[in-house]
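Data first, discussion second: the structure below is written as structure tokens.
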Amino acid sequence: APAHLKIAVVPGDGIGPEVVAEAEKVLDAVTSAAGVTVEKREFGIGAEHWLETGETLTEETLEELRAYDAILFGAVGAAPGDQRVPSGILERDILLKLRFSLDHYVNLRPSKLYPGTTSPLADPGAIDFVVVREGTEGPYAGNGGRLRAGTDAEIATEVSLNTAYGVRRLVRYAFELAAKRERKKLTLVHKHNVLVNAGRLYARLVEEIGAEFPQVVVDYLHVDAATIFLTTDPARFDVIVTDNLFGDILTDLAGAVTGGIGLAPAGNINADRTAPSMFEPVHGSAPDIAGQQKANPVAAILATAMMLDHLGHPDLAARIEAAVEKDLAEHGTEDRSTAQVGDGILAQLA
Ligand code: NAI
Ligand code: MG
């Protein structure tokens, strides 16, 4: 495992800097205990930075980011209704630009129901699954446009783009992950009865690559049925592999059934390792609670564990997860400040 890590840190806006500060504490503690040195550099990217400089994410910054092993990201975004920041600019020019430029073709979102946390479901069962969502294709590929905009004859298109290359690398990642997990089950979620072309491509490649993983049990659900099972029996899932749009929606649902936004981490992964992957909490900048030490840092801390796992330190990732689990079991989601939760997790690590 690498003894030296170069991490780009993007705290961002709102609660981003508050939760990232706790994630950094935990990162520093586990790595220094293991004799791993971490070189960090902070990058000012986000709404605040845009307001100050008029820059979103410059080509120069993007090139600088490429020199890092991974990016630890807080959240970017102004308060909804803040007229100074035009809608969509940060999503398009920062979040999507990072994802496409750094080829983050796997969006990885684990969902686990931790002890001490409450699911809104009456009988949730043991929830522990991972959604492997495509990150660079599908309806989000930017293949579309408008004609006769603003008239009664307006035409608007978003073409879902699916390549054998893109689906194959995604599906391979999902099988490799499923093979490493205890239950070794993979569920393809699509809508191949209606979206027959993309659906067929996904189904064909799941079958083809699945042949290399006889130990993995393969299942299929249409996306509408998947929303039913995610609420009635989420424990049935292990690894879900799905397209960009379906994955976006299912992971929000998954986050909700496992006790909330403050706990859910995500990885934007370039599994070919041609560019740094990025790890972040699923939540945004939460302007309504920013600057008050009210944010739960667990999502950011679990994202740090995912980052260490990706960087070849699964043992350190497991230590963080165990510490989070113990802290949650003891304190649940009781009222503690952001820093108190971080310190509680640090204490469990010691
Ligand atoms: P949000 O996730 O920031 O907040 C939604 C609700 O959840 C709020 O009530 C908030 O207080 C609460 N919440 C979020 N994180 C929490 C935490 N760690 N602990 C406790 N409560 C938490 O979503 P919202 O309000 O839709 O977006 C706010 C801004 O964040 C917008 O500008 C949006 O564009 C941006 N955003 C950025 C993302 C990113 O950087 N990847 C992702 C999602 C939203
Ligand atoms: Mg979303």
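Could you give the C-alpha radius of gyration of the stretch 119-258 expressed as a fraction of 2.2 N^0.38 Å, taking N as the number of residues it contains?
Here the answer is 1.15, to two decimals.
Return the lysines within reach of Lys6: Cα separation strictly under 23 angstrom, same-chain partners fewer than 8 residues apart disregarded; answer none if there are no such residues.
Once the sequence-local lysines are set aside, what remains near Lys6 is Lys25, Lys40, Lys97.
Under 28 Å Cα-Cα from Lys184, which lysines qualify once same-chain neighbours fewer than 8 residues away are excluded?
Correct list for Lys184: Lys112, Lys326.
Which order, highest average first, do 171-184, 140-153 follow once you tally other Cβ atoms within 10 Å for each residue and take the mean per peptide?
Most protected by this proxy first, the peptides run 171-184, 140-153.
Given the Cα-Cα distance of Asp343 and Glu207 and 0.36 nm per residue of separation, how much length would full extension add, in nm?
Extending this stretch completely gives an extra 44.3 nm.
How do the peptides 211-218, 103-110 rank, highest first, by the average count of neighbouring beta carbon atoms within 10 Å per residue?
Packing proxy ranking, top to bottom: 103-110, 211-218.
Please list the non-local residues whose amide H lies under 5 Å from the amide H of Val38, H modeled 1.01 Å from N, same-chain partners needing a gap of 5 or more.
So Val38 has HN proximity to Leu5.
Contour minus end-to-end for Arg84 and Leu147, with contour as 0.36 nm per residue of separation and end-to-end as the Cα-Cα distance?
Contour length minus Cα-Cα distance gives 19.9 nm.
Show log10 I(q)/I(0) for the chain at q = 0.06, 0.09 Å⁻¹, two decimals, from a solvent-free Debye sum over equal Cα scatterers.
Debye output, listed in q order: -0.21, -0.49.
Coordinate-derived values only; no laboratory data. Everything quoted here is computed from the prediction, not taken from an experiment. Heads up, the Cβs are rebuilt from the backbone with ideal geometry, glycines too, and the neighbour counts pull from every protein chain shown.
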